[in-house]
Amino acid sequence: GTLARLCLEAPLPPATMASLTPQPMSPRPTYEEVLRLRAASAKQSAEKMAAAPAAAAPANAPQPPPQPPHPPPPAAASAPAPSPPAVAPAPVAAPAKPVAEPAFTDAEVEVLRTPLAPSKWCGSELHERALAYMRSRRDAAVLADPSLAPTVEMASDLRLWRFLVATAFKGGDAASMYVEALRWRKRNGTDATRKDLRAANPSFFTAGATSLEKPLLNEQDAAVFAARPRTFFTKSAGGGGELLLDRAGNLLFIEVPASADAAAVCALGADAFLASELRTQELLQLVLDEL
């Protein structure tokens with residue numbers, strides 16, 4: 001998903017705000033289904049690349065000694081399988097070997113900058129080279145500190161790609177920024193916020209609904225939105241909200257900085273205001289992942 005941010009010098013008249021009609025969203029799979037499809041496609045891409053003929057080795061090159069076959073694993077005792085969680089933890093495994101940092105030419109960077117749907121990344125050697133390094137650094141960081149284990153969204157290729165874009169596809173910088181983001185989320189309890197947001201909007205995040213049941217998590221969030229006017233949804237009678245999308249499917253985020261009530265913002269306090277802002281940004285990222 002893409003975010004289109006509109007900053008207005010003056011607030012829109014109430015009649016205009018009321019006339020904003022969200023564009024209809026076509027039925028969509030849930031994020032877990034998307035992740036499963038992407039994982040299957042990534043596996044096919046990796047198998048295809050592995051099956052490609054390798055460069056011929058010199059005739060006198062030493063051959064590795066044959067490896068003994070692994071013994072079959074012991075049979076596990078029969079026991080009822082536990083029911084899967086609503087959101088499975090992110091699959092993060094230790095890499096077999098470190099992946100070298102990729103170096104892209106200017107021409108390759110231009111290709112990588114060209115907008116391309118994530119569903120078309122698989123099969124692209126350039127995209128896979130960049131993402132393989134990011135996955136390797138992610139897995140190494142979690143192996144060194146398991147408490148950094150990311151959520152399914154934060155571990156996804158889509159999130160990894162955003163860090164590559166932000167650093168002009170400098171793999172080392174992107175990976176370091178990503179790992180620092182994992183540490184930041186741990187310090188600020190952002191994964192707990194993510195859990196609360198998903199729990200408050202189950203129809204949108206797990207059933208493919210097109211509207212949020214509770215875009216503002218509590219009264220504090222409502223007070224911050226009132227003190228600093230902005231929105232990315234149209235309010236409904238039950239407190240939910242239909243997402244504001246343009247014709248291209250981009251999420252619209254409308255804000256009016258000139259109408260911010262400085263006194264009200266100060267009255268809320270810096271801690272409360274910042275906590276609400278972080279909840280809003282986490283919700284936006286989760287919504288963009290779904291779109």
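On average over all directions, what projected area in square nanometres does the range 130-268 have, based on the convex hull of its Cα atoms?
Details: hull surface 43.7 nm².
Result: a mean projected hull area of 10.9 nm².
Checking the a/c ratio against 1.5 first, then a/b against b/c, what shape does the Cα gyration tensor give for the range 207-272? Could you put the intermediate results ahead of the total?
Values: a/c = 2.85, a/b = 1.62, b/c = 1.76.
Because a/c hits 1.5 or more and a/b fails to exceed b/c, the range 207-272 counts as oblate.
Give me the percent of the accessible area of the range 118-178 that comes from carbon and sulfur atoms, probe 1.4 Å, all protein chains in place.
61
Could you compute how much accessible surface Trp184 exposes when probed at 1.4 Å, giving the result in Å² to the nearest 10?
90
Post the alpha-carbon centroid distance, the range 165-218 to the range 237-291, in whole angstrom.
Here the two parts' Cα centres lie 14 Å apart.
Calculate the dipole size of the range 164-291 relative to its Cα centre from +1 charges on Lys and Arg beta carbons and -1 charges on Asp and Glu beta carbons; express the result in debye to the nearest 20.
I would put it at about 260 debye.
Starting from the Kirkwood Rh over alpha-carbon pairs, what translational D in µm² s⁻¹ does the range 98-148 have by Stokes-Einstein at 4 °C and 1.567 mPa s?
Diffusion coefficient, whole number: 105 µm²/s.
Output wanted: per-residue J couplings in Hz (rounded whole) for the range 194-206, from phi through Karplus 6.51 cos²θ - 1.76 cosθ + 1.60, θ = phi - 60°, x for Gly and Pro.
Each residue's phi maps through the Karplus curve to give 4, 4, 5, 5, 5, 5, 7, 9, x, 5, 6, 8, 10 Hz.
Please give the charge dipole size of the range 91-223, origin at the Cα centre, charges +1 on K and R Cβ atoms and -1 on D and E Cβ atoms. Round to the nearest 20 debye.
For this selection, approximately 260 debye.
Tell me the net charge near Val265. Cut-off is 15 Å between Cβ atoms, Val265 excluded, with +1 for each Lys or Arg and -1 for each Asp or Glu.
In short, -3.
Working only with C-alpha atoms, what are the Rg and Dmax values of the range 113-203, expressed in angstrom?
Using the Cα atoms of the range 113-203, the pair Rg, Dmax is 14.1, 39 Å.
Of Ala260, Met177, Ala237, whose Cα points farthest to the positive end of the dipole of the range 175-283 (charges on the beta-carbon: +1 Lys, Arg; -1 Asp, Glu; origin at the Cα centre)?
Comparing the listed Cα positions along the dipole, Met177 ranks first.
When the distances between all Cα atoms of the range 136-185 are binned every 10 Å from zero, what whole-number percent does each bin get?
28, 61, 11
The values are calculated or read from the model by the stated rules, or taken from the named source; none is laboratory data. What you are looking at is a predicted structure, and each value in this text was computed from that prediction instead of being measured. Because the Cβ atoms are built from the backbone with ideal geometry, glycine has one as well, and the counts that use them run over all protein chains shown. We work out accessible area using only protein heavy atoms, side chains counted, and drop any ligands, DNA or RNA first. Shrake-Rupley method; radii C 1.70, N 1.55, O 1.52, S 1.80 Å.
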